[in-house]
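Working notes for the structure below.
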Amino acid sequence: MPKVEIIKTKDGSSSLFLPDMNETYHSTHGALTEALYVFIDKALEEHRRCYPNQETIKILEIGFGTGLNAWLTASKVLDSNFTVEYCSLEKFPVGSEIVSELNYTDNSPIGDKELFEKLHDAAWNVPVSVTDNFVLEKLETDVFDFETRNDQFDIIYFDAFAPSKQPEMWSLEVLNKMYSSTAKGGIFSTYCAQGQFKRDLRAAGYDTESLPGPPGKKEMTRGRKV
């Protein structure tokens, strides 16, 4: 695990800073705010709006990181009548000593500390039923070594580091892989709105739309496999 420092973002929620990359795990304008907007509102809730009767939603997350997106998703669906199967990739898992210092459960309108801890305590590289309707599979790998199947996932949370820091993660090769693994009607959601990335997302096959961004960002991007 590279050296990390805990920081506080503008909405009061924690994030991590990587000094060697000069990069943060989340927006400094609000880690919690950005995650709720980009992934819960514009991806999970949008998919439910389009397919309200679907009984199982399969989500792929690129970058488990601090577990924020997984925790918010599990919290959101606690009392729902559908199941989420959540697969998350992370090459460098965050250590427990860092996780214990994160303050998401103090700042979020949903979720609790017990559920957050369950997600982090779940074993790696095997599916774990964290709640009655949330199955988590944390894989200690990266997107290049991850083997996908065609039409496997309904939603992709693409939460990699910025293209300026990790350009290979945003390559057409990766986006082609994401597209093939997305089910018909599925959603690809990310905070990024870089021009070349959006052109490559379209080249991969997604119908793309630019949406207003979370605080600090003019736009974000959502793709659909039609």
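All of the numbers you see were taken from the coordinates with simple rules; none came from a lab. The model shown is predicted, which means the values in this text are computed figures rather than measured ones. Glycine also receives a Cβ, built like all others from the backbone with ideal geometry; neighbour counts cover every protein chain displayed.
Some observations on this one:
- All of Val143, Val226, Val130 fail the test of being closer than 21 Å to Gln54 by Cβ, β-branched (Val, Ile, Thr) and crowded, with 17+ Cβ neighbours inside 10 Å, apart from Val130.
- The set of residues in the range 171-207 being at negative phi, part of a strand (DSSP E or B) and surrounded by fewer than 20 Cβ atoms within 10 Å (Cβ to Cβ) consists of Ala183, Lys184, Asp207.
- Scan the range 145-174 for residues that are more than 19 Å from Phe17 (Cα to Cα) and of a type in the set (S, T, N, Q) and the total you get is 4.
- Here is the figure for the range 126-158: residues that are over 12 Å from Val84 (Cα atoms), out of contact with any helix residue (DSSP H, G or I) (no Cβ under 6 Å at 6 or more places or on another chain) and part of a loop (DSSP other than H, G, I, E, B) total 10.
- Residue within the range 65-75 that is crowded, with 18+ Cβ neighbours inside 10 Å, out of contact with any Leu (no Cβ under 7 Å at 6 or more places or on another chain) and assigned to a loop (DSSP other than H, G, I, E, B) present: yes
- Cβ-Cβ contacts under 6 Å between residues 6 or more apart (or on different chains), taken from a first residue in the range 20-41 that is closer than 18 Å to Lys8 by Cβ to a second residue that is among the aromatic types (Phe, Trp, Tyr), are listed as Glu23/Phe161; Thr24/Phe17.
- Checked against (1) in contact with a strand residue (DSSP E or B) (Cβ under 8 Å, 6 or more places away or on another chain); (2) farther than 28 Å from Pro2 by Cβ; (3) touching a residue at least 12 places away in the same chain (Cβ under 8 Å), Thr131 passes all but condition (1).
- Against the test of being within 21 Å of Phe39 (Cα to Cα) and in contact (Cβ under 8 Å) with a residue 24 or more places away in the chain, the options Lys113, Lys91 yield a single qualifying residue, Lys91.
- Verdict on Ser108 being in contact with a Gly (Cβ under 7 Å, 6 or more places away or on another chain) and within 26 Å of Gly216 (Cβ to Cβ): no
- Filtered by the rule that a residue be charged (D, E, K, R), touching an Asp or Glu at 6+ places or on another chain (Cβ under 7 Å) and either crowded, with 16+ Cβ neighbours inside 10 Å or within 15 Å of Ala43 (Cα to Cα) (or both), the range 76-99 gives a lone residue, Glu90.
- Scanning the range 1-22 for residues that are within 17 Å of the chain's Cα centre (by Cα) and either in a strand (DSSP E or B) or of a type in the set (A, V, I, L, M) (or both) gives Ser14, Ser15, Leu16.
- Any hit, the range 20-41, residues being surrounded by fewer than 24 Cβ atoms within 10 Å (Cβ to Cβ) and closer than 18 Å to Phe153 by Cβ: yes
- Note on the range 46-64: residues that are part of a loop (DSSP other than H, G, I, E, B) and surrounded by fewer than 24 Cβ atoms within 10 Å (Cβ to Cβ) total 6.
- Inside the range 40-63, residues that are under 11 Å from the mean Cα position of the chain (by Cα) and within 22 Å of Asn150 (Cα to Cα) make up a count of 7.
- Search result, residues across the range 16-43 that are closer than 12 Å to Ile6 by Cα, touching a Lys or Arg at 6+ places or on another chain (Cβ under 7 Å) and β-branched (Val, Ile, Thr): Thr28
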